[in-house]
Amino acid sequence: MKPYFILLLAVILNISSCEKESSDPSFPFEAEVLGINMDCGIPAIKFNDNLDQVNEIAEPYSSSAIFIAKNLPSDLQTEGIAIVLKFRKIQNSELGACTTMGPGYPWIYVLEARKKE
């Protein structure tokens, strides 16, 4: 009976560890492109998960899931596509002008991005 319990435990641990290996550690964040933000003329994206980690990097006092994504490659600026990306906090010198006619979102600077497979 004891060997069966150990085997079952090993199988369960193996299955749970396989789920975590499916994400690509070189592109740790997933998001959906919302299209070009009419207020700023720069793409907006919505992060799907890890929002605490996203906001810790981008805007420590924010709880937003939507961000203006400066430096997002032009081939990824189509509304509705899923992307994976690496980003950093935007520097003040990299911010652009917005009309302030729409809602304001925090900004990020995209280091690398690709379409989610």
Pair list, Cβ under 6 Å, 6 or more apart: the stretch 25-53 residue touching a residue at least 40 places away in the same chain (Cβ under 8 Å), other residue part of a loop (DSSP other than H, G, I, E, B) and of a type in the set (S, T, Y) = D39/T99
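So that you can scan it fast, the table gives a plain yes or no per residue for (1) basic (K, R); (2) within 26 Å of A97 (Cα to Cα); (3) modelled with pLDDT under 70:
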position	(1), (2), (3)
K2	yes, no, yes
K20	yes, no, yes
A31	no, yes, no
M38	no, yes, no
I45	no, yes, no
N48	no, no, no
E56	no, yes, no
A65	no, yes, no
K70	yes, yes, no
Taking into account only those residues within the stretch 71-98 that are β-branched (V, I, T) and in a loop (DSSP other than H, G, I, E, B), which is surrounded by the fewest Cβ atoms within 10 Å (Cβ to Cβ)?
-> T78
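The values are calculated or read from the model by the stated rules, or taken from the named source; none is laboratory data. None of these values were measured; they are calculated from a predicted model. Methodologically, a virtual Cβ is constructed for each residue, glycine included, from the backbone with ideal geometry; neighbour enumeration extends over all protein chains shown.
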